[in-house]
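Asks: Pasting in a structure now, in structure tokens, and then I'll have a few things to ask.
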Amino acid sequence: MAATQEETFKKIVAHCKEYGFVFPSSEIYDGLGAVYDYGQNGVEMKNNIKQYWWNAMTRMHENIVGIDAAIFMHPTTWKASGHVDAFNDPLIDNRDSKKRYRADVLIEDQLGKIEEKIQKEVDKARKRFGDSFDERMFRQTNPRVQEHQTKWDALHERYSKAMNEMNLEELKQIILDEGIVCPISGTRNWTDVRQFNLMFATEMGSTADGAMKVYLRPETAQGIFVNFLNVQKTGRMKVPFGIAQIGKAFRNEIVARQFIFRMREFEQMEMQFFVRPGEELRWFDYWKDQRLRWHKALGLGDEKYRFHDHEKLAHYANAATDIEFQMPFGFKEVEGIHSRTNFDLSQHAKYSGKKIEYFDPELNESYTPYVIETSIGVDRMFLSVLCSAYKEEQLEGGDSRVVLSLPPVLAPFKCCVMPLVKKDGLPEKAREIMRMLQLDFRTGYDEKDSIGKRYRRQDAIGTPFCITVDHDTLGDNCVTVRYRDTMQQDRVSIDTLHGMIRSAVDAKPLYEKCLQ
Ligand code: GAP
């Protein structure tokens with residue numbers, strides 16, 4: 001029987017640990033909630049993702065440069081950006097279990113349950129009607145689906161309104177009206193809903209008046225905004241131009257779920273693109289298109305992406321969309337693209353008392369540029385790549401394997417060299433080939449266990465090529481190359497290895513797809 005999505009996801013999490021991709025943080029002390037460490041293979045893949053993003057942004061756009069700002073920033077930054085006053089989650093406690101929940105997540109779970117009921121009806125009907133099944137028609141006409149959909153629409157509308165107005169009493173009332181119970185105690189004995197700020201605070205230095213309260217940045221974007229003038233002036237940048245940054249961000253997430261999807265310490269890749277006022281919506285469309293191309297160029301499957309346009313916008317935004325990816329637990333946000341007007345630069349000008357403007361030589365006037373932001377979580381990107389690459393395959397002869405069909409450009413190891421046996425000069429020859437390849441590619445070496453077991457180990461970490469050195473190699477200078485996805489084998493000359501691997505792992509065709 002096929003595994004459910006939930007079972008598959010559990011297997012992916014276990015696989016990440018078993019094969020050195022992701023470990024729970026400080027595991028010997030039983031871990032730390034929603035904090036994870038990347039292992040020896042995870043860090044390679046994560047670096048490859050960052051490299052792919054960084055090059056696509058900075059190398060492929062002559063008007064985008066990068067920075068690396070500090071995690072600590074002057075505390076007024078967060079007053080200006082609105083994070084001190086408005087970066088809150090609505091929380092509710094269950095008096096019996098003493099457990100704390102995000103009120104919005106409880107309601108979203110309730111919406112999810114209704115969606116599941118609809119999906120069950122659809123799946124049942126698909127089985128019944130087979131190839132002739134018209135899902136759209138079924139959803140529009142089936143009375144049970146219609147009933148669930150009406151319920152979903154009403155709840156969603158009420159919930160969205162309450163969230164937009166941050167109406168805490170209404171959020172609690174929805175939880176009561178929907179009969180939502182605490183998953184631990186099973187009761188409806190809820191407290192009122194309260195606001196909870198997501199920023200981590202700590203203290204810096206020590207003065208006679210006490211230490212200064214500083215925050216761990218909850219997004220990297222503000223490090224870009226406060227450096228707008230520095231970069232524009234020293235880089236002689238002309239609007240439109242962008243500033244890109246990769247770095248850690250911290251949020252005291254109350255409901256930490258789905259592995260590395262929602263973490264308390266995570267990494268963002270953000271780019272702020274500064275444009276003339278009035279031109280922002282054209283650039284917003286440009287960046288929507290660019291970013292989707294970047295994702296799709298990896299070849300994970302075009303059907304796994306969709307845009308989710310925001311209907312209700314933050315007060316400073318005039319357009320916003322998410323790029324969602326089909327995870328085993330549904331379509332989920334991986335990247336946000338926001339048209340943030342001139343809100344951030346204006347706020348920093350106001351709070352710092354400095355003039356933050358750009359003199360446009362073509363228009364012969366000064367203005368505060370408008371901003372299009374693209375913001376993607378490295379960890380969510382990592383998870384989406386891993387989930388789509390994970391495959392369990394049944395092989396001929398009753399055997400099976402787990403393979404990560406990773407895009408070669410992101411694979412932790414590009415190839416692994418293996419002597420057939422640990423004697424007769426084969427290890428020496430294999431190491432010689434490894435040393436030649438490692439100048440250009442992350443190359444593994446493995447001489448332990450049977451060749452079959454070694455192939456399985458490399459499949460499990462997504463290595464595209466295994467290169468086996470046998471006795472004939474010493475005479476004919478040829479090796480056996482075994483391909484990860486097809487498991488086919490070819491006898492090739494050692495001289496051709498470099499070119500073959502280069503063409504498979506090269507990022508160039510991906511960048512070309514982004515630029516089309
Ligand atoms: N500067 C805009 C900003 O930070 P966001 O939608 O809050 O916007 C952007 O975050 C991206 O950062 C998300 O699309 C997601 O990929 C990632 N992200 C946000 N919170 C996260 C968390 N707790 N754990 C992992 N990734 C997170």
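This table checks each residue for (1) outside any loop (DSSP other than H, G, I, E, B); (2) touching a residue at least 60 places away in the same chain (Cβ under 8 Å); (3) within 17 Å of the chain's Cα centre (by Cα).
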position: ASP37; (1), (2), (3): yes, no, yes
position: GLU44; (1), (2), (3): yes, yes, yes
position: ASN48; (1), (2), (3): yes, yes, yes
position: TRP54; (1), (2), (3): yes, yes, yes
position: MET57; (1), (2), (3): yes, yes, yes
position: GLU62; (1), (2), (3): no, no, no
position: VAL65; (1), (2), (3): yes, yes, no
position: ALA70; (1), (2), (3): no, yes, no
position: THR77; (1), (2), (3): yes, yes, no
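Asks: Could you tell me whether GLY377 is of a type outside the set (S, T, N, Q), open to solvent by 50 Å² or more (accessible area, probe 1.4 Å) and either on the phi > 0 side of the Ramachandran plot or within 16 Å of the ligand (Cβ to nearest atom) (or both)?
Replies: no
Asks: Check the range 133-140 and report whether any residue there is open to solvent by 60 Å² or more (accessible area, probe 1.4 Å) and either touching a residue at least 24 places away in the same chain (Cβ under 8 Å) or part of a loop (DSSP other than H, G, I, E, B) (or both).
Replies: Checked against the condition, which is being open to solvent by 60 Å² or more (accessible area, probe 1.4 Å) and either touching a residue at least 24 places away in the same chain (Cβ under 8 Å) or part of a loop (DSSP other than H, G, I, E, B) (or both), the range 133-140 yields at least one hit.
Asks: Further question on the same structure: Give MET271, MET263, MET199 a once-over and let me know the one that is in a strand (DSSP E or B) and within 16 Å of the ligand (Cβ to nearest atom).
Replies: Being in a strand (DSSP E or B) and within 16 Å of the ligand (Cβ to nearest atom) holds for just one of MET271, MET263, MET199, which is MET271.
Asks: Related question: Given (1) farther than 30 Å from LEU106 by Cβ; (2) surrounded by fewer than 20 Cβ atoms within 10 Å (Cβ to Cβ), identify the lone condition not met by TYR305.
Replies: Unmet condition: (1).
Asks: At least 1 residues that are closer than 30 Å to ARG257 by Cβ and at pLDDT 95 or above in each: list the strands (runs of 3 or more DSSP E) lying fully within the range 334-400 that qualify.
Replies: Correct list: 370-377, 390-394.
Asks: Which of (1) surrounded by 15 or more Cβ atoms within 10 Å (Cβ to Cβ); (2) within 30 Å of ASP177 (Cβ to Cβ) does LYS98 not meet, given it meets every other one?
Replies: Looking at each condition in turn, LYS98 falls short on (1).
Asks: Take the range 232-260 and flag every residue that is in a loop (DSSP other than H, G, I, E, B) and closer than 22 Å to LEU386 by Cα.
Replies: Residues satisfying the conditions are ALA256, ARG257, GLN258.
Asks: Quick one: what pairs do we get from the range 372-386, first residue polar (S, T, N, Q), second at pLDDT below 95 and in a strand (DSSP E or B), C-beta under 8 Å, 6+ apart or different chains?
Replies: SER384/MET327
Asks: Mind listing whichever residues of the range 397-450 are among the polar types (S, T, N, Q), within 16 Å of CYS466 (Cβ to Cβ) and free of Cβ contacts under 8 Å to residues at least 60 places away in the same chain?
Replies: GLN438, THR443, SER450
Asks: If you don't mind, there's one more thing I want to ask. Identify all residues within the range 468-505 that are among the aliphatic types (A, V, I, L, M) and in contact with a Ser or Thr (Cβ under 6 Å, 6 or more places away or on another chain); write none if there are none.
Replies: Passing the criteria: only VAL479.
Asks: Residues to consider are ASP424, ASP485; find the one that is part of a loop (DSSP other than H, G, I, E, B) and either open to solvent by less than 80 Å² (accessible area, probe 1.4 Å) or closer than 30 Å to LYS50 by Cβ (or both).
Replies: ASP485
Asks: Condition first: part of a helix (DSSP H, G or I) and open to solvent by 40 Å² or more (accessible area, probe 1.4 Å). Now tell me which residues in the range 289-300 satisfy that.
Replies: Scanning the range 289-300 gives ASP289, ARG293, LYS296.
The values are calculated or read from the model by the stated rules, or taken from the named source; none is laboratory data. Predicted model only: the values in this text are computed from it and were never measured. Quick reminder, even Gly has a Cβ in these numbers, built from the backbone with ideal geometry, and neighbours come from all protein chains shown. Side chains are part of the model used for accessible areas, which takes the heavy atoms of the whole protein and leaves out ligands, DNA and RNA. Shrake-Rupley method; radii C 1.70, N 1.55, O 1.52, S 1.80 Å.
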